[in-house]
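Quick note: the coordinates plus some simple rules give every number you see, no bench work behind them. Since the model is a prediction, treat every value here as computed from it, not as a measurement. In this analysis, Cβ positions are derived from the backbone assuming ideal geometry, glycine residues included, and neighbour counts consider all displayed protein chains.
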Amino acid sequence: MEQFESESQSSCDSNQAVVVIEGEFQLGTSPSSPQRQIRSMLPAVSSNLRWNEFLQRHGDWYATRQDEGEFVYPLQVDENLKLQFRNLFQVGESELIAERDYFEICRVHHAITWQNGLPLISPLMASCVDRQQCAGSIDAMQELGRSIGWTNRQVEAVSTLMSHGDDARERTQSIAGRWICHPEYRTQLASLRQQWIQLSYNERPLFPLQRASPPENRALHTDLFRSPELDEFVHQLIAFLDRWQLMQLTTWEIAEPQGIQMIAPDGVVAGELRNRNPVAFPLQVQDGVSNEYVSFHEHLARGRGIDDLSRFDTYRQIWRIDFLENLLHRRYDSTNQVRGFQTKVQGFIAEYIELHVDRIKKYRGWRNRFRKGEITSLNGLS
């Protein structure tokens with residue numbers, strides 16, 4: 001186990017984010033390049049021994065999944081879901097074992113997917129992808145605390161803090177659900193993705209795509225090897241992240257919204273103090289602000305056309321439904337999909353995220369109406 005954890009840490013440490021530095025990227029192999037299958041199968045593609053072992057066992061399965069989608073996301077097909085999964089796809093035991101092993105290696109490395117033998121990490125959205133990632137975390141902490149001599153008061157205090165943290169994370173996740181319903185967001189994301197595809201193979205940046213502070217010595221950086229197309233992509237990426245108040249694009253399907261940012265009390269000039277909370281974040285009094293401040297935040301949101309901040313849980317569930325629906329449609333090609341696939345997908349998602357199938361249908365319908373421009377708010381919908 002110690003060796004396993006060491007490998008995991010080493011792998012995560014080497015997974016450097018692709019960052020924008022004064023309009024420059026760290027460049028690497030693109031996951032959608034024609035060579036990706038060959039590269040992913042090479043024994044030396046990663047220093048992560050567990051990943052190489054996985055490829056040796058399930059390389060064909062993984063390469064095929066990559067053919068059907070740029071990123072392969074984990075799906076927890078446990079004993080309780082095997083029957084439902086086989087009601088969706090005509091798959092054998094080998095596919096189920098591959099699904100199980102892929103989910104496990106992602107879980108151990110806290111990965112939402114893999115890119116060139118390295119795990120991609122999404123601290124914010126991971127619990128939306130992994131249905132059991134955070135289950136029982138507070139209970140486990142309480143048990144550990146008592147085992148090392150914590151008092152009941154200490155256990156209760158830490159439990160409260162963890163609960164508040166979980167709640168704030170889920171409210172932040174809801175922003176991603178709101179944006180995938182927004183026609184303008186989807187159009188801009190599709191345009192950005194097309195620009196990335198049109199870049200030359202060697203210029204395509206690896207994920208995640210995010211900002212970074214400018215370098216201290218700008219003279220060290222040169223535009224000699226920069227193409228106009230890459231310059232334009234960088235410009236559009238930064239504009240996209242700014243417009244939608246995102247920290248990064250972990251993948252094309254997983255955007256990381258900016259969460260609550262409280263004003264720092266020390267080390268800043270008074271004139272620099274300003275609210276930086278995303279307008280789409282459902283701010284609440286429990287975040288340490290006054291009722292007046294919450295009301296002002298809601299006023300700013302209404303000015304941006306957002307009048308349903310209280311429906312954050314619905315938006316979060318819409319994101320989960322949309323993500324799983326896309327994942328399942330791309331998992332295996334149509335020859336492996338059973339008759340009545342679309343209807344059965346909704347039943348599988350309902351079981352997977354433990355939400356009644358009628359609610360799945362309702363939320364999908366609302367999402368589709370948003371995208372068609374028929375509605376702009378969840379207010380009045382129930």
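Using Cβ counts within 10 Å as a stand-in for footprinting exposure, how do H110, H235 rank, fewest first?
H235, H110
Quick one: order K344, K361 by neighbouring beta-carbon count within 10 Å, fewest to most.
Exposure proxy ranking, most exposed first: K361, K344.
Given points 7 Å out from each Cα along the Cα-Cβ axis, report the E232 to R57 separation in nanometres with one decimal.
My value for the distance between the label points is 4.6 nm.
Quickly work out the R86-to-N336 label distance, labels modelled 7 Å from Cα along the C-beta direction, and quote it in nm with one decimal.
Inter-label distance under the simple model: 1.6 nm.
Could you tell me the calculated FRET efficiency between I353 and R193, based on Cβ-Cβ distance and R0 = 22 angstrom, to the nearest 0.05?
Rounded to the nearest 0.05, the efficiency is 0.25.
Between D67 and D313, what's the calculated FRET efficiency when r is the beta-carbon distance and R0 is 41 Å? Round to 0.05. Present the calculation step by step, with values, prior to reporting the outcome.
Values: r = 36 Å, r/R0 = 0.87.
That gives a FRET efficiency of 0.70.
Taking 8 Å as the Cα distance limit and 6 or more residues as the minimum spacing, I'd like the relative contact order of region 68-128 as a percentage.
Averaging sequence separation for qualifying contacts and normalising by length gives 34 percent for region 68-128.
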